[in-house]
1. Considering only the stretch 273-330, state which residues are at pLDDT 90 or above and of a type in the set (Phe, Trp, Tyr).
2. Of the conditions (1) open to solvent by less than 50 Å² (accessible area, probe 1.4 Å); (2) within 23 Å of residue 51 (Cβ to Cβ), residue 369 fails just one. Which one is it?
3. With the requirement that a residue be surrounded by 15 or more Cβ atoms within 10 Å (Cβ to Cβ), modelled with pLDDT of 95 or more, among the polar types (S, T, N, Q) and outside any helix (DSSP H, G or I), what does the stretch 193-233 give you?
4. Yes or no: residue 154 over 14 Å from the mean Cα position of the chain (by Cα), among the polar types (S, T, N, Q) and assigned to a helix (DSSP H, G or I)?
5. Please state which one of 138, 178, 236 is at pLDDT 95 or above and either open to solvent by 60 Å² or more (accessible area, probe 1.4 Å) or under 30 Å from residue 263 (Cα atoms) (or both).
6. Could you list all residues from the stretch 118-132 that are under 23 Å from residue 349 (Cβ atoms) and either of a type in the set (A, V, I, L, M) or free of Cβ contacts under 8 Å to residues at least 12 places away in the same chain (or both)?
7. Mind telling me which of the residues 198, 234, 266, 194 ends up being farther than 30 Å from residue 306 by Cα and among the β-branched types (Val, Ile, Thr)?
8. Mind listing whichever residues of the stretch 344-370 are in contact (Cβ under 8 Å) with a residue 60 or more places away in the chain and β-branched (Val, Ile, Thr)?
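The values are calculated or read from the model by the stated rules, or taken from the named source; none is laboratory data. All values derive from a computational prediction rather than experimental measurement. Every residue, glycine as well, gets a Cβ built from its backbone with ideal geometry; the counts of neighbours run over all protein chains shown. Keep in mind that these areas ignore ligands, DNA and RNA; they rest on the heavy atoms of the full protein, side chains included. Shrake-Rupley method; radii C 1.70, N 1.55, O 1.52, S 1.80 Å.
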Amino acid sequence: MAGSVYLPFSFPAVMRITSLTATFFRNFSALSVEFAPGVNIFYGNNGSGKTNLLEAIFVFMLGRSQRGAADAVLVKQDEPYYRLEGSFEAGDARKEQALAYERGGRKRITLDGVTIRLAELYEHFSAVAAGPEDTAILSGSPSLRRQFLDMYLSQYSGKYLADLTDYQKALAQKNAALKNDMDPMPFDVVLAQVGARVMSARGQFLDDVGSHAGGHYAAIAGGESLITTYKPSVRLEDSDLELKAIEERIYAAMESHRDRERIMKVSLVGPHRDDILFEIAGYPARTHGSQGQLRTAAISLKLAVYHILKEKRRRPPVLLLDEIFAELDNNRSLGLVKAFEGFDQLFLTTAVTPPEELMAQSRNFRIKAGIIEEMH
């Protein structure tokens, strides 16, 4: 499709955030902080801004919130814009980056003073964020599971990110045609072609994620099982893994839904309707999982994507861990840290004392009412 962008991902050996300045982002009016290359721990009570800081770091790296928040929500109340700027090391090079969003406008990103596209951030950055909200991946709506999938698969594959972008553009055009009682069929061929590539990539990635996550979950939960199954909106048997077969199934489903789409004025077939089924101990996690099971499964998923991205990109992703020790004893906390082995840089928020092994090598900060101070 015209306008498609493929990112070859050059994978510098080391990538670290060295500083960040946030203006009018969430509850921060003006925040400036320099980070350590290893462990950075942020202490504070609930509502102090700890989670918002991790979100600012994630948005700085990848241009979107790990919590799925819209840009307008990220702007501090009664302010017209937010701006994030900072520096990072990529291999032996030091780079300066800025990202700004104005209400009602678009994001603008510059790297060493030159404007870049949001997709280019994925060339430089890779990050895995884990926090209490992750249980919603298993128990929430299908859109949250697709968001999880897209966020990490886009870091895994530049080709997937380009295909997903093309698919979303074509889908928006088709939906506009349906809402305006225009013929949507010209978009179906493109949506079937690109959608087949998206579905194929999702299926392969989730096979890998499911295998890794199941192993982590069994180790943490004493052998209990976690099974991850891709549930595409178009039924695909194992024999339909070839792209052409998937494309034909998507197009056939579009034809069968054409009248209903015209009535509902929205596209009903394609990857934007996909889902993921998580089963814990043989039961659907969404309806039967306890809070403990959901938390364990969620962290197992993040452990899986961390190790998959680390292997694919040949460098560990930046880790952002939000209050993951709140309900764990010291042994489990230490075991969890060891599971995220080999990290270059870790950002950790906590209201409790983290494992001593982390504290011994960390730079420590305190956050209160949106203000951050280094602890000595």
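1. Residues satisfying the conditions are 278, 283, 306.
2. Against the list (1) open to solvent by less than 50 Å² (accessible area, probe 1.4 Å); (2) within 23 Å of residue 51 (Cβ to Cβ), residue 369 comes up short only on (1).
3. Result: 228, single match.
4. No: the conditions fail for residue 154.
5. Details: 138 fails: either open to solvent by 60 Å² or more (accessible area, probe 1.4 Å) or under 30 Å from residue 263 (Cα atoms) (or both); 236 fails: at pLDDT 95 or above.
The conditions single out 178.
6. Taking the stretch 118-132 first, the residues under 23 Å from residue 349 (Cβ atoms) are 121, 125-132.
Once the filter is applied, which keeps residues that are under 23 Å from residue 349 (Cβ atoms) and either of a type in the set (A, V, I, L, M) or free of Cβ contacts under 8 Å to residues at least 12 places away in the same chain (or both), the stretch 118-132 yields 121, 127, 128, 129, 130.
7. Values: 198 fails: farther than 30 Å from residue 306 by Cα; 234 fails: farther than 30 Å from residue 306 by Cα; 194 fails: farther than 30 Å from residue 306 by Cα.
Being farther than 30 Å from residue 306 by Cα and among the β-branched types (Val, Ile, Thr) holds for just one of 198, 234, 266, 194, which is 266.
8. Correct list: 349, 350, 367.
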